[in-house]
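Got a structure for you, written out below as structure tokens; questions coming shortly.
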Amino acid sequence: MAPSVLYPPVQLSPAASLELAQTAPAVLKSSPSSVSSSPLFSLVGGSEKSEQWIQYENLILTCLRTGDDQSARECLERLVSRFGADNERVQALDGLVKEATAKNNGELEEVLKEYDQILSENDTNIPIAKRRIALLRSMGRASDAASALVQLLDFSPTDAEAWSELSDIYLSQGLYPQAIYAIEEVLVLAPNAWNIHARLGELQYMAATASGGAANGSYQKYMAEAIKRFSRSIELCDDYLRGYYGLKLVSKALLNGDGAKTSKQTEEGDFALPDRSTLEKLHELATAKLAEIVRRAAAKERGWRGYSEAETAAARELLAQDTAAVQR
């Protein structure tokens, strides 16, 4: 099935992105180069369709990804013609095009100065503020990006995307407690997001492995929370691969180490590690479900085609480790 230009292309494979970008000339040719914003136009020329502007925006992202800068600029020009150069979303897309086509750091610095100028005139321009943060991070200035995100969240504390990005930046710097705190804020805003529960489980597991092993009290706490979060993610989504992958990884580590020997709470209110019998059942459940997902995804069964190849390959490799251990 060919990818649709009406859906954001961020999750598309390189091949699918190229296929979508190749439709840009036909889309541009079949659509008017300019549309009047006058209310009289709708009476004479027919009603305006919002899908047209979604197409242009998605094509900008896809064309920039595949190197078709000319088509991306043409799509941007049509958005500017319709909504004006002062539209905040259009300004962000204009900045994105400039970032993608910049040939050196000097040109990127110029784009950054443009963002600063826009924000000096209107510090509530969220799209530009986010583009500035993304640019700072891409230039290797993670600390500046984190500071800018904190300022943004002071102004807009319910922005789940900003909290998630802040968590990712903290993780890249090895600041696990801060990364966990930021992703917990995402869960406050979206308590039933199974992917965020699994992401929090991943952060807890990484924090545990960096804490110095089972002899460290923090290890017990982090691993217990990881079990809890992965279990919640698969409770909310019965076929969520990352949830089962994480659950198998953590339960296996606890069964093979000293973590399963201690199941008492270290602090009041902390989630206790399950006993060994429960860990074995969780490990068996995760193994069986991962095997089913890998098998059905590989067979391209109906309803099992939404998994990425990278995730199924990782799951297959994790399952193969059990087979290799049995053979030895």
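The values are calculated or read from the model by the stated rules, or taken from the named source; none is laboratory data. Everything numeric here is computed off the predicted structure, so don't read it as measured data. Here the Cβ is made from the backbone with ideal geometry for all residues, glycine too, and neighbour counts use every protein chain on show. With ligands, DNA and RNA removed, areas are computed over all heavy atoms of the protein, side chains included. Shrake-Rupley method; radii C 1.70, N 1.55, O 1.52, S 1.80 Å.
Looking at (1) modelled with pLDDT of 95 or more; (2) within 17 Å of F155 (Cβ to Cβ); (3) charged (D, E, K, R), can you tell me which one D123 breaks?
(1)
Of the numbered conditions (1) open to solvent by less than 60 Å² (accessible area, probe 1.4 Å); (2) within 28 Å of the chain's Cα centre (by Cα); (3) at pLDDT below 90; (4) among the small types (G, A, S), A15 fails exactly one; give the number of that condition.
With respect to (1) open to solvent by less than 60 Å² (accessible area, probe 1.4 Å); (2) within 28 Å of the chain's Cα centre (by Cα); (3) at pLDDT below 90; (4) among the small types (G, A, S), A15 is out only on (1).
Another question, if that's okay. Taking region 81-110 as the region of interest, how many residues are among the aliphatic types (A, V, I, L, M), open to solvent by 50 Å² or more (accessible area, probe 1.4 Å) and closer than 21 Å to A21 by Cβ? Talk me through it step by step, then tell me what you get.
To start, the set of residues in region 81-110 that are among the aliphatic types (A, V, I, L, M) comprises 85, 90, 92-93, 96-97, 100, 102, 108.
With the extra rule that they be open to solvent by 50 Å² or more (accessible area, probe 1.4 Å), the set shrinks to 85, 100.
In the following step, the residues that additionally are closer than 21 Å to A21 by Cβ were identified as 100.
Of the residues in that region, 1 qualify.
Within region 165-184, work out how many residues are over 16 Å from P127 (Cα atoms) and open to solvent by 50 Å² or more (accessible area, probe 1.4 Å).
Adding up the residues that qualify gives 9.
Right, next: Condition test on A162, is it closer than 29 Å to Y240 by Cα, open to solvent by less than 20 Å² (accessible area, probe 1.4 Å) and out of contact with any Leu (no Cβ under 7 Å at 6 or more places or on another chain)?
Values: closer than 29 Å to Y240 by Cα: yes; open to solvent by less than 20 Å² (accessible area, probe 1.4 Å): yes; out of contact with any Leu (no Cβ under 7 Å at 6 or more places or on another chain): no.
No: the conditions fail for A162.
Right, here's the next one. Given the conditions (1) of a type in the set (G, A, S); (2) in a helix (DSSP H, G or I); (3) at pLDDT below 95, and given that A291 satisfies all but one, which numbered condition is not satisfied?
The one condition A291 does not meet is (3).
Checking the conditions here, which among S37, S30 is modelled with pLDDT under 75 and either open to solvent by 70 Å² or more (accessible area, probe 1.4 Å) or over 20 Å from L79 (Cβ atoms) (or both)?
Values: S30 fails: modelled with pLDDT under 75.
Exactly one residue qualifies, and that residue is S37.
Residues of region 155-164 being in a loop (DSSP other than H, G, I, E, B) and of a type in the set (G, A, S), which ones?
S156
Can you confirm whether L61 is outside the structural domain of D159 (by TED's automatic domain parsing), open to solvent by 50 Å² or more (accessible area, probe 1.4 Å) and either of a type outside the set (D, E, K, R) or in contact (Cβ under 8 Å) with a residue 24 or more places away in the chain (or both)?
Considered against the rule, which asks whether it is outside the structural domain of D159 (by TED's automatic domain parsing), open to solvent by 50 Å² or more (accessible area, probe 1.4 Å) and either of a type outside the set (D, E, K, R) or in contact (Cβ under 8 Å) with a residue 24 or more places away in the chain (or both), L61 comes out as yes.
Let me ask another. For region 219-242, enumerate the residues that are among the polar types (S, T, N, Q) and either at pLDDT 95 or above or open to solvent by 50 Å² or more (accessible area, probe 1.4 Å) (or both).
S231, S233
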